């Protein structure tokens, strides 16, 4: 029997790669994005349904999920939509901070809530939530971004306990750097003169040479597919060489040691 996945933020990057992979594996894909009329690849594939969805629009979330669950049998929800707000906290306007939280965190919570009753009554379903390397550790210029990703981690773990009694699983994918346009289109920057030296140092991680070392987005999509199909009772999936190394260091040496090491990297 054909399975169905619902994906947010499917127009680019990991969301699009996941849509292509699941479709190639015989799944029906409900690919949502803010502007589906601009999509020129997914719209040509069989068993792919494109729908408009802005995850900051609660009314649209609820109406879209209601319509989808009335027409289709959804097995997996991939909460992927998000972007990075990068820079020192002092540089951000309150509007930037609110938009980051609305998109990255409230989007996940609201889409999950919209599907929860459906999965509970169905007595099965999987939520796969995309967090980040910076949802496992803090890093300079990532304060608000990390706040949303740490929150997704805590939200997902809590929901995994809450929903287990109904046969529903919640899983987390924590990717590191990916070879996508995340460092371009999917980032909002804030700049402040007092932090110029720090910003220059951190920005080296977004250089073309560094990005070339990151995981291919298709590799992370494969981890998403494994999480959806491996039948494991597993919460966190660490994706990408850089994140795996960082997470192992954190587990083996302890959080405080890692914190001091990172502080030392940015001691001017």
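The values are calculated or read from the model by the stated rules, or taken from the named source; none is laboratory data. Source: prediction; values computed, not measured. In this analysis, Cβ positions are derived from the backbone assuming ideal geometry, glycine residues included, and neighbour counts consider all displayed protein chains.
Quick grid of which residues meet (1) under 21 Å from residue 221 (Cβ atoms); (2) modelled with pLDDT under 95:
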| site | (1), (2) |
| --- | --- |
| 84 | yes, yes |
| 111 | yes, no |
| 141 | no, no |
| 156 | yes, no |
| 159 | no, no |
| 164 | no, no |
| 174 | yes, no |
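Of everything in segment 107-118 that is touching a helix residue (DSSP H, G or I) at 6+ places or on another chain (Cβ under 8 Å) and surrounded by fewer than 24 Cβ atoms within 10 Å (Cβ to Cβ), the residue that is nearest to residue 150 (Cα to Cα) is 109.
For segment 113-132, the set of residues classified as part of a helix (DSSP H, G or I) and in contact with a strand residue (DSSP E or B) (Cβ under 6 Å, 6 or more places away or on another chain) consists of 115, 119, listed by residue number.
Restricting segment 1-38 to residues that are part of a loop (DSSP other than H, G, I, E, B), more than 15 Å from the chain's Cα centre (by Cα) and at pLDDT 95 or above, the residue that is surrounded by the most Cβ atoms within 10 Å (Cβ to Cβ) is 27.
Report every pair of residues separated by at least 6 positions or lying on different chains whose Cβ atoms are under 8 Å apart, first residue within segment 226-245 and on the phi < 0 side of the Ramachandran plot and in contact (Cβ under 8 Å) with a residue 12 or more places away in the chain, second in a loop (DSSP other than H, G, I, E, B) and surrounded by fewer than 15 Cβ atoms within 10 Å (Cβ to Cβ). Every condition considered, the pairs that remain are 227/234; 242/213. Scanning segment 230-268 for residues that are surrounded by 15 or more Cβ atoms within 10 Å (Cβ to Cβ), more than 17 Å from the chain's Cα centre (by Cα) and within 30 Å of residue 164 (Cβ to Cβ) yields 246, 247, 250. Counting only helices (runs of 4 or more DSSP H) that sit completely within segment 193-268, those holding 3 or more residues that are in contact with a helix residue (DSSP H, G or I) (Cβ under 7 Å, 6 or more places away or on another chain) and over 23 Å from residue 87 (Cβ atoms) correspond to 217-229. Which of the residues spanning segment 39-67 are within 19 Å of the chain's Cα centre (by Cα) and over 26 Å from residue 1 (Cβ atoms)? Within segment 39-67, 52, 54, 55, 56, 57, 58, 61 qualify.
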